[in-house]
Amino acid sequence: MPAEAPVQIHNPASANVVVPFVDLKAQYASIKNEIDAAIARVIADTAFIMGREVRAFEEAFADYLGARFCIGVNSGTAALQLALMACGIGPGDEVIAPSFTFFATAEAISVLGAKPVFVDIDPVSYTIDAAQIEAAITPRTRAIIPVHLYGQAADLDPILAIAKRHKLRVIEDAAQAHGAEYKQKRVGALGDAGCFSFYPSKNLGAYGEAGAIVTNDEGLAQQLRLLRDHGSTSKYAHAIVGYNFRMEEIQAAVLNVKLPHLDGWNNLRREHAATYNDLLKDLGFALPREMDCARHVYHVYAIQTENRDDLQQRLTANGIQTGVHYPIPIHLQPAYLSLGYKPGDLPVTETLSQRVLSLPMFPELRADQQRRVADVIGKSASSWASLQSN
Ligand SMILES: Cc1ncc(COP(=O)(O)O)c(C=O)c1O
């Protein structure tokens, strides 16, 4: 799978891009000196894997989230897989998750031989509908994975209460939610464990693949440390069978430079979301809604329209890159045919997958770029209205 797969960007004519979907070059330019020095330091040290940069990042990120432990790994997918494994999930077990998420959420369950059981989402927050979870629980259910989709926390309190009643683990998929809050607390360590991706385009992105798990559970943290490094307790001594999911020093060095900027960047994303809300408010689209319990960090700013594909083409023709997160719900993916889901099983998820369109969103987005996006959307809405009236 190509490296860009998690973010599907509509970009057939990249030479004419006026407003990119994300602009990592602009971010690099703003911190170039620090980044270059940090990477040069790692190279000069020739200590490339799990050294002092990784240890410093684990400490800083745990601190930032108010978690006791952070375990750095080499992707968000690895984080999910290890968290499930450390919770003892394996063949024959079922794990409840939304289908309206990136494929890795479910994939991590399947690679352990367990079965994903999909639950529909709430139509306003786009996160798992807690009211539908209990009906999906069977004697084989072991865990729930709420996904803090697009940067907004899932409604965790009812999920944690259900988990307690049924003795289930809760593993937060926080891959899109660095710094997002649920009831004034940063997400990640509110359940048993939380998984983050530092894919380059994330709110906190590395310069390659990276991820982390956070937890307040010391036993789980110990197990996670063993699992990420071949189960080894010391050099060439292996207590259990694990993986090579170790984090690289260069990635941790980049993340150490970026972490102090995260809150500022998230605030800028929130300002841009407010600007889009204002510019688009009278055009008849369903806009993102920040729930009362959540502080959204707008990893993705998605609007809904029944003319999604047409709008996307018009934006592309005007040099504006957009994305669709996600066009095919996981329960209807060819990879999951064997699970036996049919169209209509998760109606909210399926409708949204045909309607959502993610607009350019990154901290360095300029006011003139946002106006241009809104202008093309406004003209598109007028042309649909005049087609209807003819
Ligand atoms: C919700 C979600 N979960 C998991 C992942 C997997 O993270 P990674 O790409 O770092 O493996 C992603 C990444 O896009 C994601 O968005």
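The values are calculated or read from the model by the stated rules, or taken from the named source; none is laboratory data. On a predicted model such as this, the values are computed, not experimentally measured, just so you know. For neighbour counting, all protein chains shown are included, and Cβ atoms are generated from backbone atoms with ideal geometry for every residue, glycine included.
Restricting attention to the stretch 77-108, which residues are outside any helix (DSSP H, G or I), touching a residue at least 40 places away in the same chain (Cβ under 8 Å) and small (Gly, Ala, Ser)? If the condition is that a residue be outside any helix (DSSP H, G or I), touching a residue at least 40 places away in the same chain (Cβ under 8 Å) and small (Gly, Ala, Ser), then Gly88, Gly92, Ala97, Ser99 are the ones that fit.
The residue that is farthest from Val257 (Cα to Cα), among those in the stretch 14-34 that are of a type in the set (A, V, I, L, M, F, W, C) and part of a helix (DSSP H, G or I), is Ala15.
Taking the criterion of being closer than 19 Å to Thr101 by Cβ and among the aliphatic types (A, V, I, L, M), the residues of the stretch 131-159 that qualify are Ala131, Ile133, Ala136, Ala143, Ile144, Ile145, Val147, Leu149, Ala153, Ala154, Leu156, Ile159. Taken together, Asp120, Asp93 contain a single residue that is surrounded by fewer than 24 Cβ atoms within 10 Å (Cβ to Cβ), at pLDDT 95 or above, within 22 Å of Ile240 (Cβ to Cβ) and of a type in the set (D, E, K, R), which is Asp93.
Scanning the stretch 164-188 for residues that are assigned to a helix (DSSP H, G or I) and either closer than 21 Å to Asp292 by Cα or touching a helix residue (DSSP H, G or I) at 6+ places or on another chain (Cβ under 9 Å) (or both) turns up Arg165, His166. In the set (1) of a type in the set (S, T, N, Q); (2) without any contact (Cβ under 8 Å) to a residue 12 or more places away in the chain; (3) surrounded by 21 or more Cβ atoms within 10 Å (Cβ to Cβ), Asn74 fails one condition alone, (2).
Listed conditions (1) assigned to a helix (DSSP H, G or I); (2) under 28 Å from Thr275 (Cβ atoms); (3) among the polar types (S, T, N, Q) are all met by Thr349, apart from (2).
Restricting the stretch 250-294 to residues that are touching a residue at least 12 places away in the same chain (Cβ under 8 Å) and of a type in the set (Asp, Glu) leaves a set whose member that is farthest from Gly211 (Cα to Cα) is Glu290. Residue-level check: of (1) more than 16 Å from the ligand (Cβ to nearest atom); (2) on the phi > 0 side of the Ramachandran plot; (3) touching an Asp or Glu at 6+ places or on another chain (Cβ under 7 Å), Gly188 misses just (1).
Does the stretch 194-232 hold any residues that are polar (S, T, N, Q), outside any loop (DSSP other than H, G, I, E, B) and crowded, with 20+ Cβ neighbours inside 10 Å, and which are they?
Passing the criteria: Ser197, Thr215, Gln223.
Set side by side, the residues Thr127, Thr138, Thr105 differ, and just one is of a type in the set (Ser, Thr, Tyr) and closer than 25 Å to Glu248 by Cα, which is Thr105. Residues satisfying the criterion are absent from the stretch 59-68 (criterion: in contact (Cβ under 8 Å) with a residue 40 or more places away in the chain, under 21 Å from His230 (Cβ atoms) and either aliphatic (A, V, I, L, M) or surrounded by 21 or more Cβ atoms within 10 Å (Cβ to Cβ) (or both)). Residues that are polar (S, T, N, Q), within 28 Å of Ile31 (Cα to Cα), within 13 Å of the ligand (Cβ to nearest atom) and touching a strand residue (DSSP E or B) at 6+ places or on another chain (Cβ under 8 Å) occur in the stretch 147-168; there is at least one. For Tyr126, are the conditions met, namely being assigned to a helix (DSSP H, G or I), modelled with pLDDT of 95 or more, closer than 22 Å to Arg270 by Cα and in contact with a strand residue (DSSP E or B) (Cβ under 9 Å, 6 or more places away or on another chain)? It is false that Tyr126 is assigned to a helix (DSSP H, G or I), modelled with pLDDT of 95 or more, closer than 22 Å to Arg270 by Cα and in contact with a strand residue (DSSP E or B) (Cβ under 9 Å, 6 or more places away or on another chain).
Let's see how each residue does on (1) within 16 Å of the ligand (Cβ to nearest atom); (2) out of contact with any Phe, Trp or Tyr (no Cβ under 6 Å at 6 or more places or on another chain):
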{"site": "Asp63", "(1), (2)": "no, yes"}
{"site": "Asn74", "(1), (2)": "yes, no"}
{"site": "Gln81", "(1), (2)": "yes, yes"}
{"site": "Gly90", "(1), (2)": "no, yes"}
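Being under 20 Å from His325 (Cα atoms), in contact with a strand residue (DSSP E or B) (Cβ under 7 Å, 6 or more places away or on another chain), touching a residue at least 12 places away in the same chain (Cβ under 8 Å) and within 16 Å of the ligand (Cβ to nearest atom) is a property that Ala143 lacks.
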